[in-house]
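Notes follow once the structure below has been shown.
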Amino acid sequence: QVQLVESGGGSVQAGGSLRLSCAAVGYVHSSACMAWFRQSPGKEREGVAIIYLGGGSTHYADSVKGRFTISRDNAKNTLYLQMNSLKPEDAAMYYCATGSQMSPCPLIPKYVYWGQGTQVTVSS
């Protein structure tokens, strides 16, 4: 069992920045995928960013490329999502997730473990 706890959400104006954190409790495989997803009312859950722990490679949704950065601090066992130049369209509940035995890491919600989510609001 892996527990994931997100934090760092809040309200910002368009153009502002937020850094989301996801603390992992339990064993996360060294070759696992970790990812950020988001979901807003009336929309399906969509992949935002993925990091492959085995090599550190990343992948981003086209809508956030150049603005968001996914990273992991191994010492703190924490996943991060740095969000810059935020747009109103980025407002959503953000979830972190992890899963193993997936290659390449997918941007679709086929992950085993999920956090409870943290809310991000962006005003114009």
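The values are calculated or read from the model by the stated rules, or taken from the named source; none is laboratory data. Keep in mind that this is a model prediction, so the values were computed, not measured. Every residue, glycine among them, receives a Cβ derived from its backbone with ideal geometry; neighbour counts consider all protein chains shown. Note: accessible area is taken over every heavy atom of the protein model, side chains too, but ligands, DNA and RNA are not part of it. Shrake-Rupley method; radii C 1.70, N 1.55, O 1.52, S 1.80 Å.
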Review point. Can you name the condition, by its number, that GLU6 falls short on among (1) without any contact (Cβ under 8 Å) to a residue 12 or more places away in the chain; (2) among the acidic types (Asp, Glu); (3) touching a Ser or Thr at 6+ places or on another chain (Cβ under 6 Å)?
Key: (1)
**Study point:** Selection within segment 43-58 - surrounded by 15 or more Cβ atoms within 10 Å (Cβ to Cβ) and not β-branched (Val, Ile, Thr)
**Key:** ARG45, GLU46, GLY47, ALA49, TYR52, LEU53
Exercise for review: Inspect all residues belonging to segment 64-75 and state whether any of them is surrounded by fewer than 21 Cβ atoms within 10 Å (Cβ to Cβ), modelled with pLDDT under 95 and within 22 Å of SER124 (Cβ to Cβ).
Suggested key: no
Review point. So, in segment 80-102, of the ones that are in a loop (DSSP other than H, G, I, E, B) and over 18 Å from GLY8 (Cα atoms), which residue ends up modelled with the highest pLDDT?
Key: SER100
Check your understanding: From the set of residues in segment 25-42 that are over 15 Å from ILE70 (Cα atoms) and at pLDDT 95 or above, which is least open to solvent (accessible area, probe 1.4 Å)?
Key -> SER40
**Study point:** Residues of segment 1-24 satisfying the condition of being touching an Asp or Glu at 6+ places or on another chain (Cβ under 9 Å) and either modelled with pLDDT under 95 or open to solvent by less than 10 Å² (accessible area, probe 1.4 Å) (or both)
**Key:** LEU20, CYS22
Review point. Does segment 103-122 include one or more residues that are touching a residue at least 12 places away in the same chain (Cβ under 8 Å), of a type in the set (S, T, N, Q), farther than 25 Å from GLY56 by Cβ and not in a loop (DSSP other than H, G, I, E, B)?
Key: yes
Review point. In segment 61-79, what count of residues is obtained for those that are in a loop (DSSP other than H, G, I, E, B) and closer than 17 Å to ARG45 by Cβ?
Key: 4
